[in-house]
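In what follows, a single structure is set out as structure tokens and then discussed.
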Amino acid sequence: MSISKKGLLAGVATATIALVATFVAPAAYAGTSAAACANVGSGYAVQKGKTVEVFTSVVGDELTRYAKASADFTACTGIKINWNGSDQFEAQLPVRVAGGTAPDLALVPQPGLIAQMVATGQAVPAPSAVVNNINRYWSKSWRNLGSVGGRFYAAPNSANLKSLVWYSPKQFAKYGYTVPTTWADMFTQSDKMAAAGQTAWCGGIGSGGATGWPSTDWLEEVVVREAGATVYNNWIAHKKGAYFSDAPIIHAMNTVWGWMGNSKYVGKVSTIATTSFQDAVTGIPSGGCMQLQQASFIAASLPKGSVVSPTGDAWVYYLPGINPAVTTPVEGGGEFYLAFNSNKATVEVQTFLSTPQWAVSRIKAAGSNGGWLSANSGVPAATYSNPLDALSAKYLSDSHSTFVFDASDAMPAAIGNGAEWTGFTDWFANGTPVKTVAAKIDAAWPSASN
Amino acid sequence: MSLLTRNKAPKLAEPNAGRKLFGSRGATITVWIIAIFWTIPTLGLFTTSFRRKSDISATGWWNLFIHPHLTLGNYSAIFSSSTVSGIPNGIMPYVINSFVITIPAVIFPITLATMAAYCLAWVKFRGSDAVFYGIFALQIVPIQVALVPLLNLFTGGVHIGSVTLVPALHIAGKFLGIWVPHTMFALPLAIYLLHNFISSLPRDLMEAANVDGASHFMIFRRIVLPLSVPAIAAFTIFQFLWVWNDLLVALTFTGGTEGIDPLNNKLAGLAGTWGSHWELLTSSAFVTILVPLVVFFSLQRYFVRGLLAGSVK
């Protein structure tokens, strides 16, 4: 009895295997298409039947856009790109690399993970064509983020920008204010607003269990603007001279206190700790408060019916720099393509993914809603159909930009998602002295992190 | 009065004490209440999967009964080649992969474990107890510890210095490469459970068969297998649910292609990078639980039925 049952099951299994085989039979390669090649650029060898896997944390419809954007490349070269998305990417990549099943390319969203993968000895440095592209199209700080120990490994993919200030063009026009281009101008104008009885700056750091995070961005913006990328990166790494209690960070904290902790500009400071970050932006269109430092995603929290445009109810300007030695400071995030072999097909895909042609087709695949920016300076500004994206991309792709990663995301979780949040909440809620706040955060730094 | 009762002949335990306890009206009501409460989330999931995204975010799932406004959109989005799900050919290839992975990964360990359990229980050989305890002890090893070394074995083999002990098996990213880990991880528990069951079969049966001239294989095939059906079926359910619901082993050993990935690897990603298509999770989750439900209901009678009852007087 059991044998006949087993036989049946085995039969079912074989049948399903056969069925799967028909499902995954590769589509016949149609041949090089001239129209597709025009969008891809020159210099690629045709390699029919090759598949290159790109492992990524991007999933769902967003991943479809990657496949759409790379369709021309496949039509032109015959190399199929398997965009393999997993929401378990961060955990899976080290397992696959350790287990000997490393992907051809990985789209890594954290510089720390690049260094970790390079340390395994399995990641390969970027080929010369990619090095040429990075030198030609990206600012030096982007190249440094993709480098480990002085060798360049990973070219950037997309980027996002946090260094924005929200304001209302209608309110600015009504009172004759202008968009400031220097830090000093910004505060001269804020003084004018204060003198006119207006609240110059909106603020809210309430975010449930994550209360405090918007204020970490304020400090990060000031640290990079005053002290530059080296101190900023030392600060993330908790190196001596860039502890929270050391001079550059204390100075930056005092600057933040003179800005967002200044009752002249924000009204009652302690309400910042109790206002949610979403509510902070609601005063912008009506002029309830005039400016808010926050990334572009906050547009979703604007009151219904608000027009987001350079002449509408809400728009952004770039948060100006402070120290002229730090050129175009921008804070944000990005992802990088890291290769695990130097097969001809992998190199060709890796090269394509570092070109402006790739960025342009990926931006087009995003459609009118936008949401995908590149720091590649070879991308024409007109490619962006979303004006907010175009504005952000202008600063990200500036060849002199000083780009830094969000520090609280890069610090150990005990600090970046813990002591810094609670310390800053205490700072704004109770006006705790800067030195006390800094000392408390330093004391919480996990000793094993160095 | 009470003294009198106590002095009566010692009372034997009520043979059906359990049945009486669970058969009472109060117990029935309690069981029904628990069952209903435990089913409500599933019912909510089921009804939600037929609602439009805007309705789901506006009102609770029970509103479907008040204002029926059904849609199959969530189902067509996951089965068709929609751009919404991010899966070019829909989830059907992955459903088939799940079957191709699960069915052999259930048959292999059950077959091996039944034979091993009989052998360890009824074939006395030197060290058989040690082998059994060794296998039993293997259950202590957490599979998370074994994942990466096993993957290394598949891709690179085992070497000491330049001496190759095991050559690279090259089965990672193939179906064999996931059947083998599932079988390995299932065997200790399967052998242990089946050994306990098979060793409790009456010795008289085996001896009678032996006297009649039956070989070990005959005894196994004619007596042990038919009598072990409840235990085998019970373990089949466990193993099927474990493999079908598995994500960790599949993530580690499959290659991330449409040709091999099981459904679970794709499910979590359906909602999208920013979770904007969470409504697809309702329909896909229901598709996933459908199969284990069918397996459970078709085999569940073995949980309660004792085949042995009546076979030995």
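The values are calculated or read from the model by the stated rules, or taken from the named source; none is laboratory data. In this text the structure is predicted, and so the values were computed from the model without any measurement. Cβ atoms come from the backbone with ideal geometry, glycine included; neighbour counts cover every protein chain shown.
Observations on the structure shown:
- Candidates A:G287, A:G321, A:G267, A:G305: the one that is crowded, with 21+ Cβ neighbours inside 10 Å and among the small types (G, A, S) is A:G321.
- Top-ranked residue in the range A:183-213 [being of a type in the set (A, V, I, L, M) and touching a residue at least 40 places away in the same chain (Cβ under 8 Å); ranked as nearest to A:D409 (Cα to Cα)]: A:A210
- Test: A:L319 is out of contact with any Pro (no Cβ under 9 Å at 6 or more places or on another chain) and modelled with pLDDT of 95 or more: no
Matching residues to (1) assigned to a loop (DSSP other than H, G, I, E, B); (2) not β-branched (V, I, T):
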{"residue": "A:E331", "(1), (2)": "no, yes"}
{"residue": "A:E348", "(1), (2)": "no, yes"}
{"residue": "A:Q357", "(1), (2)": "no, yes"}
{"residue": "A:R362", "(1), (2)": "no, yes"}
{"residue": "A:G371", "(1), (2)": "yes, yes"}
{"residue": "A:S385", "(1), (2)": "yes, yes"}
{"residue": "A:V404", "(1), (2)": "no, no"}
{"residue": "A:W427", "(1), (2)": "no, yes"}
{"residue": "A:K435", "(1), (2)": "no, yes"}
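- Residue match in the range A:277-284 (condition: assigned to a loop (DSSP other than H, G, I, E, B) and touching a residue at least 12 places away in the same chain (Cβ under 8 Å)): yes
- For the range B:94-143, the candidate set comprises residues that are within 12 Å of B:I191 (Cβ to Cβ) and at the interface with chain A (Cβ under 10 Å from one of its Cβ atoms); within that set, the residue that is surrounded by the fewest Cβ atoms within 10 Å (Cβ to Cβ) is B:T111.
- Residue check for B:I160: away from chain A (no Cβ under 13 Å) and surrounded by 13 or more Cβ atoms within 10 Å (Cβ to Cβ): no
- Residue within the range B:64-81 that is touching a Pro at 6+ places or on another chain (Cβ under 9 Å), assigned to a loop (DSSP other than H, G, I, E, B) and either facing another protein chain (nearest Cβ under 9 Å) or of a type in the set (D, E) (or both) present: no
- Residues located in the range A:94-141, provided they are part of a helix (DSSP H, G or I), within 11 Å of chain B (Cβ to nearest Cβ) and touching a residue at least 12 places away in the same chain (Cβ under 8 Å): A:P94, A:R96, A:V97, A:A98
- Being surrounded by fewer than 21 Cβ atoms within 10 Å (Cβ to Cβ) and either assigned by TED's automatic domain parsing to the domain that holds A:A295 or in contact with a Phe, Trp or Tyr (Cβ under 8 Å, 6 or more places away or on another chain) (or both) is a description that applies to A:V118.
- Residue count, the range A:198-240 (criterion: acidic (D, E), crowded, with 23+ Cβ neighbours inside 10 Å and more than 19 Å from the chain's Cα centre (by Cα)): 0
- Here A:H238 clears all of (1) without any contact (Cβ under 8 Å) to a residue 40 or more places away in the chain; (2) out of contact with any helix residue (DSSP H, G or I) (no Cβ under 6 Å at 6 or more places or on another chain) except the condition numbered (1).
- So A:G49, is it away from chain B (no Cβ under 11 Å), over 20 Å from A:T355 (Cα atoms) and surrounded by fewer than 18 Cβ atoms within 10 Å (Cβ to Cβ): yes
- Members of the range B:254-279 that are assigned to a helix (DSSP H, G or I) and either facing chain A (nearest Cβ under 8 Å) or among the hydroxyl-bearing types (S, T, Y) (or both): B:N265, B:A268, B:G269, B:L270, B:A271
- Unique residue being over 18 Å from the mean Cα position of the chain (by Cα) and under 22 Å from A:D389 (Cα atoms) when the list is A:K170, A:K162: A:K170
- Residues of the range A:365-390 satisfying the condition of being touching a Lys or Arg at 6+ places or on another chain (Cβ under 9 Å) and closer than 15 Å to A:A69 by Cβ: A:A365, A:A366, A:G367, A:W372, A:S374, A:T383, A:S385
- Restricting the range B:243-253 to residues that are at the interface with chain A (Cβ under 9 Å from one of its Cβ atoms) and free of Cβ contacts under 8 Å to residues at least 60 places away in the same chain, the residue that is surrounded by the fewest Cβ atoms within 10 Å (Cβ to Cβ): B:L247
- Qualifying residue in the range B:84-93 (condition: within 13 Å of chain A (Cβ to nearest Cβ), over 28 Å from the mean Cα position of the chain (by Cα) and in a helix (DSSP H, G or I)): no
- Listing of helices (runs of 4 or more DSSP H) fully contained in the range B:144-241 that carry 2 or more residues being at pLDDT 90 or above and under 30 Å from A:A98 (Cα atoms): B:176-199
- Residue ID - nearest to A:T120 (Cα to Cα), chosen from residues in the range A:300-345 that are within 22 Å of the chain's Cα centre (by Cα) and β-branched (V, I, T): A:V330
- Selection count, the range A:207-251, where residues are assigned to a helix (DSSP H, G or I) and at positive phi: 2
- Filtered residue count, the range B:51-63, keeping only those that are over 19 Å from B:G275 (Cα atoms) and assigned to a loop (DSSP other than H, G, I, E, B): 4
- Scanning the range A:72-89 finds one or more residues that are touching a residue at least 60 places away in the same chain (Cβ under 8 Å) and closer than 20 Å to B:G259 by Cα.
- Test: residue in the range B:58-78 that is among the hydroxyl-bearing types (S, T, Y), in contact with a helix residue (DSSP H, G or I) (Cβ under 6 Å, 6 or more places away or on another chain) and within 30 Å of B:G272 (Cα to Cα): yes
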